[in-house]
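Scroll down for the structure; my scribbles are underneath it.
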Amino acid sequence: MKYQPTIGLEIHAELKTKTKMFCDSLNDPDEKHPNINICPICLGHPGTLPVINKEAVAKVIKAGLALNSEIAEFSKFDRKNYFYPDLPKGYQISQYDLPFCKNGHLEMKGKKIRIRRIHLEEDTGRLIHDLKTNSSLIDFNRAGIPLMELVTEPDIESGEEARLFSEELQLIFRYLGVSDADMEKGQMRSEANISLSQDKKLGVKVEIKNLNSLKAIEKAIEYEINRQRELLEKGEKIIQETRGWNEDKGVTYPQRVKEEAADYRYFPEPDLPPLKPAEIFDIEKIKMEIPELPAQKRKRFEKEYNLGKKDIEIFIRDLSLADYFEEAASELLEWSEEEEKRGPKAAKELYKLAANYLLSDLSGLIKEKDSNVSEILITPENFAEFINLIYEDKISSRTGKDVLKEMFASGEDPSEIIREKGLLQISGFSDLEKIVEDIIDKNEKVTYDYKTGKENAMQFLIGQAMAKTKGRANPKILQELFKKFLI
């Protein structure tokens, strides 16, 4: 029997705002001390009144527009009633039937994954369980932080697809500046609803709570698909329930019977007015503020710079690195002495060379210093000049590594470093002929090996010449000369 999995995701993302959702306590995810950013409103003291954070609503609308959603003409907040220690009021201010955004989609590899809704609510506090003392502590710094919840339609078909969707969504949130979506810090959390069936009807739904990494999303869903399939093949029934994910054991485990909407006793929040977004916000202006998103950037980088998919993906995930590359790319052709002779082919070669050095040598230096590209001393203009010196064979790739290290340490421009240290590549035939003849005379056995068909001997001879010139000789010219004298 073949069972088809059907998966929907609920993804929560903490919004980047100065203050919390309904009060003026700071929204600071990096605060290490517990219960610092709190006030009577986010602690749920009797008689306190919430006030809507306008910036948070604008960020949800921006995310909705970027994800092709309809923006509600009329929206409201609701009370979601349940008791839990980290929920100080005994209810959560959320949205039920009238969210800010609905009917969106995100296209991935030609497939549209539909987004049912994006709504806004407040986050809960954080429980810290101490097994040694058998006690629990509560940190309310997180209570009341604006929390955007995105709910997909059940269009996802595998754990891998769920991970890729979540990954792309994380990037979009970061590009928009609405959330840092750092899963390690709990700024983005996922829940997955999974069912299996043999026909188009949906099977019994099981929800997996609190998936706090991209890896966990994929692994938990794949485990749950296999668990349900095994039960169904044995003729057993699936129980509608909520399950947790044990990262260490790689298994899901039962938590509680799944609540329905009626269990939460939703009703309109009496302390907050309903909203008509178009009367409060300039929706067209928000739409115009949406930057180039990851999918658009991928297409442009492939078309404009002719880079490989792996390189493009590195740039997509690191905007500061991508910006640095683009600034350098805009300077590349200007540094060429043969600018007028260069066409599109040369430009593409320069872009690839720049990407290679940026993602390997320069990124290696950055990692060694535990720094980032925005802090380095090498300007994009000087990096472009360096790439042209390599491209035009004015310095060898071996010398280039030393020049780049010096540039990284001092911020000096490459031409000045080359001049001061006498590193300009030797490309003149007359300058290298004497060195080549001398090496041939001193390596009779190697030259004999080359003449008898051992091609590796050539690399040895070139290496000797490079050592003699301290890496300054042009390897291509050396090869021509050795072949000339060894005929």
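What follows draws every value from the coordinates through simple rules; no lab data is involved. Everything numeric in this text was worked out from a predicted model, so none of it was measured. Positions of Cβ are generated from backbone atoms using ideal geometry, with glycine treated the same way; all protein chains shown enter the neighbour counts.
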Problem - Furthest towards positive pole of dipole, Asn68, Ser397, Leu26, structure part the chain, Cβ charges - result: Asn68
Fill in the blank from the handout: Given backbone amide H placed at 1.01 Å from N, residues whose amide H is under 5 Å from that of Gly144, ignoring those fewer than 5 places away on the same chain, are Asp123, Thr124
Practice task
Evaluate E = 1/(1 + (r/R0)^6) for Lys352 and Ser158, where r is the Cβ-Cβ distance and R0 equals 41 Å; express this FRET efficiency to the nearest 0.05.
Solution key: 0.75
Handout entry: Cα convex hull of segment 294-421, projected area averaged across orientations, nm²
Key = 7.5
Problem - Label-point separation in nm, Asn134 to Met108, each point 7 Å along Cα→Cβ - result: 4.4
Problem - Normalised contact order of segment 102-143, rounded percent, pairs of Cα under 8 Å and 6 or more residues apart - result: 29
Problem - Simple spin-label estimate for Asp361 and His45 in nanometres, 7 Å along Cα-Cβ - result: 6.2
Problem - Selected from Leu120, Asn212, Gln170, residue furthest toward positive end of dipole (the chain; charges at beta carbon) - result: Asn212
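If you place +1 on the Cβ of every Lys and Arg and -1 on the Cβ of every Asp and Glu, how big does the dipole about the Cα centre of the chain come out, in debye to the nearest 20?
Details: 76 positive and 89 negative charges, 295 e Å.
Roughly 1420 debye, rounded to the nearest 20.
Using 1/(1 + (r/R0)^6) with R0 = 45 angstrom and r between the beta carbons of Val251 and Leu486, what's the FRET efficiency to the nearest 0.05? Don't skip to the answer; put the middle values down first.
Working: r = 67 Å, r/R0 = 1.49.
Efficiency, from the Cβ-Cβ distance: 0.10.
Is the shape of segment 4-288 best called rounded, prolate or oblate, per the rule: a/c under 1.5 gives rounded, else a/b larger than b/c gives prolate, else oblate, with a ≥ b ≥ c the square roots of the Cα gyration tensor eigenvalues? Before the final figure, lay out each step's value.
Working: a/c = 1.69, a/b = 1.25, b/c = 1.35.
Here segment 4-288 falls in the oblate category.
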Problem - Packing-based ranking, highest mean first, of 166-178, 136-148 given that Cβ atoms within 10 Å are counted - result: 136-148, 166-178
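Could you grab the Rg to Rh ratio for segment 429-485? Cα atoms only, Kirkwood for Rh.
Details: Rg = 10.2 Å, Rh = 11.1 Å.
Rounded to two decimals, Rg over Rh is 0.92.
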Problem - For Ile115, residues with placed amide H under 5 Å, excluding near neighbours - result: Gly104, His105, Leu106, Glu153
Handout entry: Hydrodynamic radius of segment 1-152 per Kirkwood, over alpha carbon pairs, in Å
Key = 16.9
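Rounded, prolate or oblate: pick one for segment 131-206, where a ≥ b ≥ c are the square roots of the eigenvalues of its C-alpha gyration tensor, a/c under 1.5 means rounded, and failing that, prolate if a/b is larger than b/c, else oblate. Show your work: numbers first, answer last.
On the way: a/c = 2.58, a/b = 1.39, b/c = 1.85.
The shape class here is oblate.
Hey, can you rank 52-63, 245-256, 93-104, 313-324 by average C-beta count inside 10 Å, highest first?
On the way: 52-63: 21.5, 245-256: 13.2, 93-104: 19.9, 313-324: 17.1.
So the order, starting with the most tightly packed, is 52-63, 93-104, 313-324, 245-256.
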Exercise for the section: Find how many whole Å separate the alpha carbon centroid of segment 31-77 from the alpha carbon centroid of segment 109-129. Expected result: 14
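Suppose the chain between Tyr3 and Glu420 were pulled fully straight at 0.36 nm per residue; how much longer would it get relative to their current alpha carbon spacing?
Working: separation 417, 0.36 × 417 = 150.12 nm, distance 7.08 nm.
Length difference between fully extended and current span is 143.0 nm.
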Completion exercise
Extension length gain for Gln240 and Arg298 (0.36 nm per residue less Cα distance), in nm, is 16.8 nm
Practice task
With a Förster radius of 60 Å, plug the Cβ-Cβ distance of Asp263 and Glu327 into 1/(1 + (r/R0)^6) and report the FRET value to the nearest 0.05.
Solution key: 0.65
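Could you order the peptides 406-417, 359-370 from most to least packed, using the average number of other C-beta atoms within 10 Å per residue? Intermediate values should be presented prior to the final figure.
Working: 406-417: 17.1, 359-370: 14.0.
Peptide ranking by packing, descending: 406-417, 359-370.
Kindly provide the helix-only [θ] at 222 nm of the chain, computed as the sum of -39,500 (n - 2.57) over DSSP H runs of four or more divided by all residues, to the nearest 500 deg cm²/dmol?
Numbers: 17 runs with 196 residues, N = 487.
Calculated mean residue ellipticity at 222 nm is -12500 deg cm²/dmol.
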Exercise for the section: Provide the gained length on full extension for the span Lys476 to Asp318, in nm with one decimal, where the gain is 0.36 nm per separating residue minus the Cα-Cα distance. Expected result: 53.3 nm
